[in-house]
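Since the structure comes first, as structure tokens, the remarks are kept for the end.
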Amino acid sequence: MNAVSGAWDWLNDSANWNGTDGVWHRLGEHVYFTVVCLALACLIALPIAIVLGHLGKGGALAVNISNVGRAVPTFAILVLLMFAMGSGTDWPTIIALVLFAVPPLMTNAYVGMREADRDVVEAARGMGMTGSQLMFRIELPLAFPLIWTGVRSAAVQVVATATIAAMAGGGGLGRIITAGFNRQITAQVVAGAVLVAGLALLIEGIFMALQWLLDPMRRRRRPRSGSAVPASSPATPATP
Amino acid sequence: MAKRNCLVSNDWICGEYLRTRSHELTDATVQHLWITAVSVAIGLLIAFPVALVARRWRPLAGPVLGLATVLYTVPSLAMFSLLLPVFGISPAVVITGLVLYSLTILVRNIMAGLESVPEDVREAARGMGYGPLRLLFAVELPLSLPALMAGLRIATVSTVALTTVGAIINYGGLGNLIYTGIDTIFKAQVLTASVICVAIAIAADVLLLGVQWLLTPWARSRKAA
């Protein structure tokens with residue numbers, strides 16, 4: 001196909017990789033935004049959700065925030081923030097990215113804490129564990145898979161939102177796509193899309209590998225049966 | 001006092017904008033609605049047989065869900081761009097992308113719904129002489145409706161939001177107004193389009209909740225009893 005070979009040629013031209021509009025610079029921006037915003041969102045959302053989950057309070061908020069996050073178009077929020085704060089800074093992008101990473105983090109962490117095996121939690125309480133021991137030594141390790149699913153979901157969401165930021169004048173790899181559209185070069189559009197998709201899949205893969213490596217219960221958990229996620233599951237993905 | 005023109009002063013909320021551009025807003029809303037509706041409808045039509053096949057041939061379930069997850073990981077702007085050479089600049093680009101996203105959610109939920117049907121119920125229906133087709137449509141499908149509808153609601157709401165990204169090829173419904181409003185920093189246009197977009201998502205969610213209420217009368221009587 002013409003577009004595929006065109007995109008291949010575009011990617012093989014070293015001129016497209018260097019300079020401020022080059023792939024390396026845009027990739028750097030994209031990764032920078034992703035890492036900083038994901039870290040910020042985790043710092044904000046996880047402690048709140050974990051404590052709420054431990055106390056069993058604020059469930060409606062923690063779950064519904066995901067529904068709200070899905071209904072609000074990221075593109076609209078990016079543009080509105082840019083209008084409100086001016087287009088000269090990175091703040092609109094950073095705020096939008098953090099905003100849309102929070103819902104999956106909150107919901108998954110909250111539900112993970114709530115769904116930690118109640119029998120185990122009761123047994124630990126019976127053994128005289130205090131609230132904080134219970135939280136750090138029992139509930140958190142048990143909730144880890146779901147918490148991490150939230151982090152993974154948030155990471156994918158951040159990569160996607162950072163791409164859309166280019167439509168609102170932000171940086172990142174999405175800029176290669178939008179520039180391709182502006183100059184009506186399909187090869188560049190496709191090449192940019194391949195880069196973005198590759199980055200997203202790579203990040204998803206890294207987080208999946210980390211899930212396995214970091215899981216504190218990895219050696220002790222029996223293999224789970226079934227792969228389908230129930231409808232009420234918090235693990236329903238965020239918007240791409 | 002002379003009437004201040006909010007279009008000139010570029011206010012966030014502007015009645016004059018609503019009056020003078022109402023046809024533009026209507027056109028964008030109509031495009032938004034049909035792109036969303038067609039995408040979700042096609043998604044549902046494809047997801048159902050896919051879920052049935054994955055249920056019938058168990059080894060397929062893993063790869064099907066894996067592929068769906070991979071598709072969901074691709075950011076929307078990249079997805080539309082990758083489909084561009086296939087369809088050219090046409091609504092098919094946006095619709096195909098949105099169908100692929102909705103499939104992820106719908107296939108998962110239909111499979112989970114079918115799995116949630118108790119084996120006893122299936123046995124009872126078979127004992128009453130139900131064939132496989134009648135079992136599916138008269139017993140399994142109704143019982144898995146709550147899961148299916150939950151998935152349909154999630155898919156619809158996220159599709160409404162994602163349609164805006166189609167603005168990159170001018171088929172983004174209300175997203176088009178947001179995109180064209182960027183260059184001129186047209187606050188009223190962007191805010192109005194955004195608000196309508198969220199309103200559509202909420203309305204669609206409530207509508208589907210109503211449909212579910214109508215389709216599952218037994219769930220109501222059980223609660224009332």
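Checking the conditions here, which among B:F80, B:F48 is aromatic (F, W, Y), touching a helix residue (DSSP H, G or I) at 6+ places or on another chain (Cβ under 7 Å), in contact (Cβ under 8 Å) with a residue 12 or more places away in the chain and within 10 Å of another protein chain (Cβ to nearest Cβ)?
B:F80
A:K57 versus (1) closer than 30 Å to A:R118 by Cα; (2) buried (at least 17 other Cβ atoms within 10 Å of the Cβ); (3) not hydrophobic (A, V, I, L, M, F, W, C): which is the lone unmet condition?
Going through the list (1) closer than 30 Å to A:R118 by Cα; (2) buried (at least 17 other Cβ atoms within 10 Å of the Cβ); (3) not hydrophobic (A, V, I, L, M, F, W, C), A:K57 breaks only (2).
Filter the range A:156-197 down to residues that are more than 9 Å from chain B (Cβ to nearest Cβ), within 13 Å of B:S81 (Cβ to Cβ), open to solvent by 10 Å² or more (accessible area, probe 1.4 Å) and under 23 Å from the mean Cα position of the chain (by Cα), then give me how many there are.
1
I'm told B:V160 meets every condition in (1) closer than 30 Å to B:V121 by Cβ; (2) within 11 Å of another protein chain (Cβ to nearest Cβ); (3) modelled with pLDDT of 95 or more except one. Can you identify the failing condition by its number?
Unmet for B:V160, out of (1) closer than 30 Å to B:V121 by Cβ; (2) within 11 Å of another protein chain (Cβ to nearest Cβ); (3) modelled with pLDDT of 95 or more: (1).
Anything in the range A:87-144 that is polar (S, T, N, Q), surrounded by 14 or more Cβ atoms within 10 Å (Cβ to Cβ) and either within 24 Å of A:L61 (Cα to Cα) or touching a strand residue (DSSP E or B) at 6+ places or on another chain (Cβ under 7 Å) (or both)? List them, or say none.
Selection gives A:T107, A:N108.
Residue under question is A:V121, and the condition is that it be in contact with a Leu (Cβ under 9 Å, 6 or more places away or on another chain) and farther than 25 Å from A:V31 by Cβ; does it hold?
Judged against the criteria, A:V121 is a match.
Go through the residues of the range A:33-49 one by one and say whether even a single one is modelled with pLDDT of 85 or more and within 14 Å of another protein chain (Cβ to nearest Cβ). Break it down stepwise before answering.
To start, the set of residues in the range A:33-49 that are modelled with pLDDT of 85 or more comprises A:33-49.
Now drop any that are not within 14 Å of another protein chain (Cβ to nearest Cβ), which leaves A:33-34.
Within the range A:33-49 (the criterion being modelled with pLDDT of 85 or more and within 14 Å of another protein chain (Cβ to nearest Cβ)), the answer is yes, since at least one residue qualifies.
Residue check, A:V79 against (1) more than 14 Å from chain B (Cβ to nearest Cβ); (2) open to solvent by less than 20 Å² (accessible area, probe 1.4 Å); (3) β-branched (V, I, T), all met but one. Which one?
Status for A:V79: all satisfied but (1).
When the range A:60-70 is examined, which residues are found to be among the aliphatic types (A, V, I, L, M) and open to solvent by 10 Å² or more (accessible area, probe 1.4 Å)?
Those that are among the aliphatic types (A, V, I, L, M) and open to solvent by 10 Å² or more (accessible area, probe 1.4 Å): A:A60, A:L61, A:V63, A:I65, A:V68.
Give the number of residues within the range A:51-76 that are away from every other protein chain (no Cβ under 14 Å) and either assigned to a loop (DSSP other than H, G, I, E, B) or in contact with a Phe, Trp or Tyr (Cβ under 8 Å, 6 or more places away or on another chain) (or both).
The number of residues fulfilling the criteria is 7.
Where residues in the range B:49-61 are within 24 Å of the chain's Cα centre (by Cα) and not charged (D, E, K, R), which of them is farthest from B:P132 (Cα to Cα)?
Among those residues, the one meeting the criterion is B:A61.
Against the definition (of a type outside the set (D, E, K, R), more than 11 Å from chain A (Cβ to nearest Cβ) and in a helix (DSSP H, G or I)), how does B:A125 come out, yes or no?
yes
Considering only the range A:22-32, I want to know if a residue exists there that is without any contact (Cβ under 8 Å) to a residue 60 or more places away in the chain, open to solvent by 20 Å² or more (accessible area, probe 1.4 Å) and not in a helix (DSSP H, G or I).
Within the range A:22-32, none of the residues are without any contact (Cβ under 8 Å) to a residue 60 or more places away in the chain, open to solvent by 20 Å² or more (accessible area, probe 1.4 Å) and not in a helix (DSSP H, G or I).
So which pairs qualify, if the first residue must be in the range A:174-194 and farther than 22 Å from A:Y32 by Cα, the second must be of a type in the set (D, E) and surrounded by fewer than 24 Cβ atoms within 10 Å (Cβ to Cβ), the Cβ gap must be under 8 Å, and the two must be at least 6 apart or on different chains?
These pairs meet every condition: A:A187/A:D9.
The values are calculated or read from the model by the stated rules, or taken from the named source; none is laboratory data. Just so it is clear, the model here is predicted, and its values are computed rather than measured. Here the Cβ is made from the backbone with ideal geometry for all residues, glycine too, and neighbour counts use every protein chain on show. These area figures cover heavy atoms from the full protein model, side chains too; ligands, DNA and RNA do not enter into them. Shrake-Rupley method; radii C 1.70, N 1.55, O 1.52, S 1.80 Å.
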